[in-house]
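Working notes, structure below.
The values are calculated or read from the model by the stated rules, or taken from the named source; none is laboratory data. Being a predicted model, the structure only gives us computed values, none of them experimental. In this analysis, Cβ positions are derived from the backbone assuming ideal geometry, glycine residues included, and neighbour counts consider all displayed protein chains.
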């Protein structure tokens with residue numbers, strides 16, 4: 001008996017359906033989400049983040065100019081870079097003209113003194129003769145007046161002599177303080193008093209310091225006596241301390257000057273440029289780990305995690321850096337969740353499974369502004 005074809009077809013279909021596995025249920029977006037570490041935007045202490053640049057200037061500058069005019073420069077005894085002592089002669093002026101004046105005034109002073117002595121002697125001879133009739137009262141008074149006038153004339157000539165002697169001493173132009181010669185503007189043969197430009201500029205005691213420029217916000221993190229590491233133009237490093245914090249802000253630049261005292265060294269030269277990193281400078285600011293900030297053609301940004309665990313790119317403006325943290329001057333508010341590693345391959349709208357991020361590892365204070 002031959003089998004029924006319809007029965008055979010039904011049997012084959014049942015056998016095939018028995019061999020097939022049931023289809024797996026489709027995964028949800030939450031199940032497909034990647035596990036990503038997130039951190040909270042919160043105020044944190046950024047240590048070692050304060051740095052500033054400025055010019056190297058003399059701590060106290062002294063100007064040297066001649067005090068007498070009209071005398072020719074005979075010799076210039078020092079040059080730029082010389083270290084001079086207080087009272088040391090820097091320039092010698094030609095004394096030929098004043099020596100003749102000095103000799104003449106000495107003679108006039110001696111003559112006036114002799115005349116004064118003679119008049120005073122004659123006045124003493126009439127002492128006690130008032131009203132005795134030996135001489136008239138007019139003659140007695142005249143001798144006394146002549147003595148006073150002669151003494152006044154002698155005093156005037158003596159003062160003139162002292163003036164010439166003082167000017168003679170000023171022919172040696174000396175250093176008012178001990179220090180390093182920064183600038184020289186005099187040559188042999190020039191006449192003194194012919195220019196308003198100082199002949200020399202000295203850095204008192206050779207001390208040069210850094211005049212660093214800081215913003216008003218950064219100024220609050222600096223105090224007198226605070227230590228700072230200064231990098232010099234040649235790559236050298238010097239340790240200094242804050243000597244002065246400016247009491248005012250420049251109304252044009254909105255910057256203030258901080259003077260940093262530096263050691264006296266040959267490689268620290270006035271007029272150069274330096275960069276200071278202030279130690280122990282810390283302050284609370286909204287900050288995230290440096291790894292949380294992404295930089296691309298559109299600028300800096302972070303990936304903010306919303307309440308639905310979806311990420312969104314938010315542009316930020318960064319500020320101070322230090323200890324592995326970066327300040328967010330503008331960006332998401334405190335308490336926002338951001339992706340700890342901005343290099344993760346995430347796009348706007350991606351869903352993640354948030355995991356608590358680890359605290360950033362402590363780093364040496366590498367300062368960038």
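When only residues in segment 238-262 that are in contact with a helix residue (DSSP H, G or I) (Cβ under 9 Å, 6 or more places away or on another chain) and buried (at least 20 other Cβ atoms within 10 Å of the Cβ) count, which is farthest from residue 60 (Cα to Cα)?
Filtering segment 238-262 for residues in contact with a helix residue (DSSP H, G or I) (Cβ under 9 Å, 6 or more places away or on another chain) gives 245-246, 249, 254-256, 258.
Applying the additional criterion that residues be buried (at least 20 other Cβ atoms within 10 Å of the Cβ) yields 256, 258.
Working: 256: 19, 258: 15 Å.
Restricting to residues being in contact with a helix residue (DSSP H, G or I) (Cβ under 9 Å, 6 or more places away or on another chain) and buried (at least 20 other Cβ atoms within 10 Å of the Cβ), the top hit is 256.
Looking at residue 300 and the list (1) over 30 Å from residue 81 (Cβ atoms); (2) surrounded by 19 or more Cβ atoms within 10 Å (Cβ to Cβ), which single condition is not satisfied? Of (1) over 30 Å from residue 81 (Cβ atoms); (2) surrounded by 19 or more Cβ atoms within 10 Å (Cβ to Cβ), only one is false for residue 300: (2). When restricted to residues that are on the phi < 0 side of the Ramachandran plot and part of a strand (DSSP E or B), segment 293-343 contains 29.
Criterion applied to 45, 23 was being at pLDDT below 90 and either in the same structural domain as residue 291 (by TED's automatic domain parsing) or surrounded by 12 or more Cβ atoms within 10 Å (Cβ to Cβ) (or both), and the one residue passing it is 45.
Residue 78 - would you say it is surrounded by 15 or more Cβ atoms within 10 Å (Cβ to Cβ) and either assigned to a strand (DSSP E or B) or more than 31 Å from the chain's Cα centre (by Cα) (or both)? Before the answer, list the steps.
Numbers: surrounded by 15 or more Cβ atoms within 10 Å (Cβ to Cβ): yes; either assigned to a strand (DSSP E or B) or more than 31 Å from the chain's Cα centre (by Cα) (or both): no.
Against the criterion (surrounded by 15 or more Cβ atoms within 10 Å (Cβ to Cβ) and either assigned to a strand (DSSP E or B) or more than 31 Å from the chain's Cα centre (by Cα) (or both)), residue 78 does not qualify.
Within segment 266-287, can one find any residue that is more than 13 Å from residue 214 (Cα to Cα), at pLDDT 90 or above, assigned by TED's automatic domain parsing to the domain that holds residue 314 and crowded, with 16+ Cβ neighbours inside 10 Å? Scanning segment 266-287, I find no residue that is more than 13 Å from residue 214 (Cα to Cα), at pLDDT 90 or above, assigned by TED's automatic domain parsing to the domain that holds residue 314 and crowded, with 16+ Cβ neighbours inside 10 Å, so the answer is no.
Number of residues in segment 201-237 that are surrounded by 16 or more Cβ atoms within 10 Å (Cβ to Cβ) and either modelled with pLDDT under 85 or farther than 14 Å from residue 265 by Cα (or both) equals 13. Taken over segment 217-248, the criterion of being in a helix (DSSP H, G or I) and under 14 Å from the mean Cα position of the chain (by Cα) is satisfied by 218, 219.
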